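For reference, the structure discussed in these notes is given below.
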Amino acid sequence: MKIALIGYGKMGKMIEEIARGRGHDIVSIIDIDNQEEFESERFASADVAIEFTAPQAAYGNYLKCWAKGVKVVSGSTGWMKEHGDEVRKRCTPSALNPQPSTLFWASNFSIGVAIFSAVNRYLAKLMNQFPQYDVELEETHHVHKLDHPSGTAITLGEEIVAALDRKTAWAEDTTDPQLLRIDHIRRGEVPGIHTIRYDSDADCITITHDAHSRRGFALGAVLAAEYTQQHQGLLTISDMITF
């Protein structure tokens, strides 16, 4: 498979290493200082572009990829509120859109996080029957991560809110019992820790996903690209992995 990389930081370099190790060709690498590469024949030859950039750049990058007929795998967050409806429209087939664009999007590509998310959804469904347990979520990342809460924490939080009748939304720095509190910690070079606690007067139930490195995220992105090459439309981890 021919892969283009958009964003060439630590994650992009690790994705490159894993993709080459799995026999794929990296035909184009685009970073902030060579945006003209979007117009190259090399980029247009890619089967899939893997995009890990800033929230404000992601949607524009999708449009540039689709204009060249290149499918996209993206882990960028923060664009969905403003551009989510347009992305869904572009990726959904219709009489006016017989050849939809393709985007595989996930807030986290780790296989372990996909499993953790499935456990989170099931546990929240069970805990809806036991209102004596309050719930909170905490995420810890490296000091270079400026946004908060993490996209993964938001996804996990939205899953909890959808299952618990006693929570109406998530929020940071809240004491409102109707809101799911999400706390963030920035420490050292931590790749990512997400912890969910259900606490009562009697006991506490805790589940945690603790990433040892970014490698699991990078491998998941390459696996998503392999899946995306054979599929079209708006794709997610739940399409690639079923529980």
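The values are calculated or read from the model by the stated rules, or taken from the named source; none is laboratory data. All figures in this text were calculated on a predicted structure; none of them were measured in a lab. All Cβ positions, even for glycine, are placed from backbone atoms using ideal geometry, and neighbour counts span all protein chains on display. In case anyone asks, the SASA skips ligands and DNA or RNA and just uses the protein heavy atoms, side chains included. Shrake-Rupley method; radii C 1.70, N 1.55, O 1.52, S 1.80 Å.
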Which peptide among 138-147, 107-116 comes first, and what is the full order, when sorted by highest mean count of other Cβ atoms within 10 Å? 107-116, 138-147
Val73 long-range amide H proximity, modeled H, under 5 Å: Ala49, Ile50, Glu51, Phe104
Greater than 25 Å apart at Cα, pairs in Lys13/Lys71; Lys13/Lys81; Lys64/Lys89; Lys10/Lys89: Lys13/Lys81; Lys10/Lys89
Mind ordering 18-24, 224-230 by average Cβ neighbours within 10 Å, highest first? 224-230, 18-24
In nanometres, what is the gap between the two model label sites at Gln232 and Ala95, each 7 Å from Cα along Cα-to-Cβ? 1.9 nm
Give the long-range amide H neighbours of Ile29: residues separated by 5 or more places, or on another chain, with amide H under 5 Å away, using H modelled in the peptide plane at 1.01 Å from N. Leu5
extent check for the chain: Cα max minus min per principal axis, descending, whole Å, gives 63, 46, 30
Counting only protein heavy atoms with a 1.4 Å probe and every protein chain in place, the carbon and sulfur fraction of the accessible surface of the stretch 92-243 in whole percent equals 54 percent
Using R₀ = 22 Å, calculate the FRET efficiency as 1/(1 + (r/R₀)^6) where r is the Cβ-Cβ separation of Arg88 and Asp147; round to 0.05. 0.45
Is any helix in the chain, taking whole DSSP H runs, at least 20 angstrom long along its axis by alpha carbon and on average at least 0.0 on the Kyte-Doolittle scale, and which ones? 111-127, 215-229
Antiparallel versus total DSSP beta bridges in the stretch 118-210: what percent is that, nearest 5? 60 percent
Looking at the chain, send over the antiparallel percent of its DSSP beta bridges, to the nearest 5. 35 percent
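Per residue, how much accessible area does the chain have with a 1.4 Å probe, in Å²?
51 Å²
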What's the ranking of 127-133, 189-195, 100-106 by average number of surrounding C-beta atoms within 10 Å, highest first? 100-106, 189-195, 127-133
From the phi angles alone, apply the Karplus equation (6.51, -1.76, 1.60; θ = phi - 60°) to the stretch 175-186 and give each ³J(HN,Hα) in whole Hz, x where the residue is Gly or Pro. 10, 5, x, 7, 10, 7, 7, 10, 9, 10, 10, 10
